[in-house]
Amino acid sequence: MMGTMQSKLFVDRPNASLPTESIQQAVDLFRVHGALWIENAFPKSTIENLRLAYQKKYLRLSKKELRKRDAAVGDQRFMITVDIKGPFRCPHLYANEAVMPILRRLLSPELRIASFGSVVALPGAGNQAIHLDHPPLFDREADRLSAAGFPTYALTLVIPLVDLSPDTGATAIWEGSHRGNDRFDLLQRLMEKPNYSSAVIPYARQGDAYLMDYRVIHGGMANGSVIPRPILYIVYSRPWFRDGFNFKTQQPVSISRKQFKKIPKTYRQLFE
Ligand SMILES: O=C(O)CCC(=O)C(=O)O
C-alpha cells in the first residue's frame, strides 16, 4: 500500500501570497520530507491555457523527432525544454506569489532557475526507473556521509498540466530520502527491485504543484490512460549550481534575447 503524502500546503487564493506562519510551516515540512504538495497555487484556467499551448506546440512532435532531440527519459516518456514565451513567460508561473517566498527561504534570496521544461508520459508509458535527478555532489563516501544533513541546493517545482489520477499516473516520491546515511542503499534496492510500498504519490489537480528536493528518490509512474500526461518542471537552485548532468545536449533554459527583455526587471536575475 502506498501512503498518502504528509507534506501538504493548501493555498486559499491562487497566485496570492501566504501568511508568514504558512510559509514557515511549508519550509519546515519540505526540510523534513524533501517534498511538498502545494494545492491551489495557480488558477486552474492558467494551467488549462498552458496545456493547450503545450499540446499545440510540443505534442505534435513525432517520436522520431523527440528521439533526435535526445529527449527520451524512459519508455514513451520524453523531456522537452519549453521555450519561455507566450503563456510560459508568465511571472505568476515562474515567480508565483505563494511559492517564491518558500523557495527564497529554502535556497537563498539569490536563487536562480537552473532549468525549465517538461516531461510528458505518453499513453502506455511504463513506470520510469526509480532515480535521483542528479548524482551526489561528492564522490567519496566519507564526504557523502558528511553531506547527508546539508540543506537543499536545488529543487524541482512540478506543475502537472492535467489532473493526475491512478490512471494517468503521477510521480512516486520517497519522502525523507533526501537525507540520512542509508539513502543510497535504499536507492540501490529500489533500482534493483522496484517496490512502491513506501512511496507517496501526489495525485495533484490542475492548479496544484509539488516540490521535490533534487536529492529525493522518485520516479514517474505508468500512464495507463488514453491521454498524454505532461508535467512542467522548473528547477530552482542556489546561484552557484549548474546542472551539467541532465543537460549535456539539451538546453536547460530556452529564452531568446527578445523574450528575456520582456521579463520584468525584478525577476531577470532568476534567468541570469
Ligand atoms: O513523469 C514523472 O512523473 C516524473 C518524471 C521524472 O521524475 C524525471 O524524468 O526525472
For this session: Within segment 6-39, track down each residue that is touching a Gly at 6+ places or on another chain (Cβ under 7 Å) and under 19 Å from Pro87 (Cβ atoms).
Result: Pro14
Exercise. Pro101: more than 16 Å from the ligand (Cβ to nearest atom), in contact (Cβ under 8 Å) with a residue 12 or more places away in the chain and over 18 Å from the mean Cα position of the chain (by Cα), yes or no?
Worked result: no
Exercise. Can you tell me which residue in segment 34-48 is nearest to Thr152 (Cα to Cα), limited to those that are open to solvent by 10 Å² or more (accessible area, probe 1.4 Å) and in contact (Cβ under 8 Å) with a residue 40 or more places away in the chain?
Worked result: Trp37
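Select, from Arg31, Arg60, Arg77, the only residue that is surrounded by 14 or more Cβ atoms within 10 Å (Cβ to Cβ) and away from the ligand (no atom under 16 Å from the Cβ).
On the way: Arg60 fails: surrounded by 14 or more Cβ atoms within 10 Å (Cβ to Cβ); Arg77 fails: away from the ligand (no atom under 16 Å from the Cβ).
Checking each option against the conditions leaves just Arg31.
Considering segment 217-231 alone, what residues qualify as being among the aliphatic types (A, V, I, L, M), surrounded by fewer than 22 Cβ atoms within 10 Å (Cβ to Cβ) and assigned to a strand (DSSP E or B)? Explain how you work it out, then say what you get.
Going through segment 217-231, the residues among the aliphatic types (A, V, I, L, M) turn out to be 217, 221-222, 226-227, 231.
Checking the rest, the ones that are also surrounded by fewer than 22 Cβ atoms within 10 Å (Cβ to Cβ) come to 222, 226-227.
Within segment 217-231, none qualify.
Looking at Leu93, is it away from the ligand (no atom under 14 Å from the Cβ) and open to solvent by less than 10 Å² (accessible area, probe 1.4 Å)?
Values: away from the ligand (no atom under 14 Å from the Cβ): yes; open to solvent by less than 10 Å² (accessible area, probe 1.4 Å): yes.
The answer is yes for Leu93.
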Seminar exercise, completed: Condition set more than 13 Å from the ligand (Cβ to nearest atom) and open to solvent by less than 60 Å² (accessible area, probe 1.4 Å), scope segment 201-210, selection nearest to the chain's Cα centre (by Cα): answer is Asp208
For this session: Output the number of the condition that Pro230 fails; it satisfies all remaining conditions of (1) in contact (Cβ under 8 Å) with a residue 60 or more places away in the chain; (2) away from the ligand (no atom under 16 Å from the Cβ); (3) not aliphatic (A, V, I, L, M).
Result: (2)
Exercise. With (1) buried (at least 16 other Cβ atoms within 10 Å of the Cβ); (2) within 12 Å of the ligand (Cβ to nearest atom); (3) in a loop (DSSP other than H, G, I, E, B) as the list, and Val235 as the residue in question, which single condition is left unmet?
Worked result: (3)
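The values are calculated or read from the model by the stated rules, or taken from the named source; none is laboratory data. The model shown is predicted, which means the values in this text are computed figures rather than measured ones. When we count neighbours, we look across all protein chains shown, and the Cβ atoms used for this are built from the backbone with ideal geometry, even at glycine. Just so you know, the surface numbers come from the protein's heavy atoms only, side chains and all, with ligands and any DNA or RNA stripped out. Shrake-Rupley method; radii C 1.70, N 1.55, O 1.52, S 1.80 Å.
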